[in-house]
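To start, the structure under review is shown below, and the notes come after it.
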Ligand code: 5AD
Ligand code: SF4
């Protein structure tokens, strides 16, 4: 996901002040984990462009390799180390041909492991945490002088400042759907989670910063923005009216931006779903009918042990309020099975919660002990085989709900934002309002537009559609069509 549309790097320097072009080099970026990492990787590529770096998809062709890592579960870090083994071989082959290769490890594994990474993998030249990537040119310079760079400071304000400087630059061509970070870090301290340690305390960007970036994205062709934050609905930002706004108010403001037809946000915590945000789902045509709202477990005992700060009944009441505001909404969730102390009955409570809520989709994981988190040292760790059996059972239930949700879209006409070419010739792929990919036979000129599409076939994840003749919904106006269709179903 490190593709970058042609980025025109505008050089404000006049003819009298022309600087020598930096040498042409290639960067290969591999991104692991969450959407915020995808966003951060794109920003790293932006920072590197004025340094002469263009993006390559070919590792062997890269002068600089960056692994933007995730630390949320064990296997993620292990994957990074095995990838570093593969990179070492490529680096050695390049060295034989007299070519250099710089290797950087960024993101949450870098933040958590620091120097340990260069000890375990000596080919690594730079280790830098999620809040340091805007300093990449400086770090590259230090690494080029032979220094092993380790940069794991928490300096979120400097990073946000950098993002805002970027928003002030000339408009760049952007893909139709893009991410925008509004908040980073987390103060919730769920007992299984490393995020409060790797991303630090919750910090929100101001309304002015976010609106400026969103306007610039819209001017560059972005039609859909997904607001990102580790605890995005905990966002509360200083507004031009001197007040502090919550996410619902921010979404209202963003929905006024010309050309911005679709808004989404992720990931949310049930405790921070306030009335204003729920009302936004009822009132804003731009706010898509999809909500990722992790509950993790359906057992009150496990929710308390996880420090989730709410009960299952509170979660049910919340879902009722959300569905009252937006009856057509696709609910999505994260679940962890095998948290310490989880009995068969606790797991059954989770299954019961899933049956009651009926999700459109969900992600589920076996609990993994993360060093430094309270869960890692709790008694009654659950054996691996029990976790695996519970995960399989839960995933079968979720898959059946996802299939049923998708099947209920059959025959509906809905808006699709076309994002890219599909696998087959003459095919485009877009997203439905409920976030499923929708492959449709359509001309390439429709990329970046929203069209009315009839859903004619259901795949395991995708909805297959056909263009509805005569409906041109490029201003998003056929959203009403969807709602009618949904109520009829
Ligand atoms: N073990 C398993 N799953 C985890 N998650 C976070 N930490 C852990 C862990 N230690 C899952 C949660 C979270 C998602 C991003 O990853 O479900 O919502
Ligand atoms: Fe981790 Fe999310 Fe809990 Fe924060 S709210 S500690 S990011 S699981």
Residues of region 372-381 satisfying the condition of being in a loop (DSSP other than H, G, I, E, B) and either within 16 Å of ligand 2 (Cβ to nearest atom) or in contact with a helix residue (DSSP H, G or I) (Cβ under 8 Å, 6 or more places away or on another chain) (or both): 372, 373, 378
Residues within region 281-312 that are out of contact with any strand residue (DSSP E or B) (no Cβ under 8 Å at 6 or more places or on another chain), touching a residue at least 60 places away in the same chain (Cβ under 8 Å) and closer than 19 Å to residue 324 by Cβ, tallied: 1
Single match in 395, 369 (criterion: surrounded by fewer than 19 Cβ atoms within 10 Å (Cβ to Cβ) and assigned to a loop (DSSP other than H, G, I, E, B)): 369
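What residue, of 309, 301, is on the phi > 0 side of the Ramachandran plot and away from ligand 1 (no atom under 13 Å from the Cβ)? Explain how you work it out, then say what you get.
Working: 301 fails: on the phi > 0 side of the Ramachandran plot.
When all the criteria are applied, what remains is 309.
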The lone exception for residue 224 - which of (1) touching a helix residue (DSSP H, G or I) at 6+ places or on another chain (Cβ under 6 Å); (2) over 29 Å from residue 366 (Cβ atoms) it fails: (1)
Total residues in region 230-264, condition in contact (Cβ under 8 Å) with a residue 60 or more places away in the chain and within 16 Å of ligand 1 (Cβ to nearest atom): 1
Tally of residues being under 23 Å from residue 21 (Cα atoms) and either within 16 Å of ligand 1 (Cβ to nearest atom) or surrounded by fewer than 19 Cβ atoms within 10 Å (Cβ to Cβ) (or both) across region 58-79: 2
Odd one out for residue 314, checked against (1) within 16 Å of ligand 2 (Cβ to nearest atom); (2) surrounded by 20 or more Cβ atoms within 10 Å (Cβ to Cβ); (3) in a helix (DSSP H, G or I): (2)
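Would a scan of region 163-180 turn up a residue that is within 16 Å of ligand 1 (Cβ to nearest atom), within 26 Å of residue 237 (Cα to Cα), at pLDDT 90 or above and surrounded by 15 or more Cβ atoms within 10 Å (Cβ to Cβ)? Talk me through it step by step, then tell me what you get.
At the first step, the residues of region 163-180 found to be within 16 Å of ligand 1 (Cβ to nearest atom) are 179.
Adding the requirement that they be within 26 Å of residue 237 (Cα to Cα) leaves 179.
Narrowing the set further to residues that are at pLDDT 90 or above leaves 179.
Remaining after also requiring surrounded by 15 or more Cβ atoms within 10 Å (Cβ to Cβ): 179.
Yes.
Being farther than 28 Å from residue 407 by Cβ and under 24 Å from the mean Cα position of the chain (by Cα) narrows it down to one of 334, 328, 274, 346, so name that one. It would help to see each step written out before you state the result.
Numbers: 334 fails: farther than 28 Å from residue 407 by Cβ; 328 fails: farther than 28 Å from residue 407 by Cβ; 346 fails: under 24 Å from the mean Cα position of the chain (by Cα).
Unique residue meeting the criteria: 274.
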Residue match in region 422-444 (condition: in contact (Cβ under 8 Å) with a residue 60 or more places away in the chain and out of contact with any helix residue (DSSP H, G or I) (no Cβ under 9 Å at 6 or more places or on another chain)): yes
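The values are calculated or read from the model by the stated rules, or taken from the named source; none is laboratory data. Given the structure is predicted, the values throughout are model-derived calculations rather than measurements. Every residue, glycine as well, gets a Cβ built from its backbone with ideal geometry; the counts of neighbours run over all protein chains shown.
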